[in-house]
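The values are calculated or read from the model by the stated rules, or taken from the named source; none is laboratory data. Bear in mind that the values here come from a model prediction, so they are computed numbers and not experimental data. Ideal geometry is used to build each Cβ from the backbone, glycine not excepted, and the neighbour counts take in all protein chains shown.
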Amino acid sequence: MEPSTSEQPALANHACQQLEPTAADGLRAYAAKTRANADQFAGGLKDITINGLPSVEDCTPWEELREAHFARLTAQRPAIA
């Protein structure tokens, strides 16, 4: 059953609250980053669809990728005395 017209404005007022400007900016930045990540992922899937998967010889083993990522994370982390 739909709310009566007398209930609708109260529901609308409750659901539409203003965000603080910094919160709105943060939400926009998060949405833009999420869209960019989705576009990059979609591009990768499209490339696989068009060209197929690369041969095993042309791929980097996941262990090497993991170690390179750990090295990047370690470089970003401040040294502990």
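Restricting to the range 48-81, name every residue that is acidic (Asp, Glu) and either in contact with a helix residue (DSSP H, G or I) (Cβ under 9 Å, 6 or more places away or on another chain) or modelled with pLDDT of 95 or more (or both). Result: Glu63, Glu64, Glu67.
For first residues located in the range 24-44 and in a helix (DSSP H, G or I), partners that are modelled with pLDDT under 95 and hydrophobic (A, V, I, L, M, F, W, C) and lie 6+ apart or on another chain with Cβ distances below 8 Å form the pairs Leu27/Leu19.
Look at (1) over 22 Å from the mean Cα position of the chain (by Cα); (2) part of a helix (DSSP H, G or I) and you find that Pro54 fails only one, number (2).
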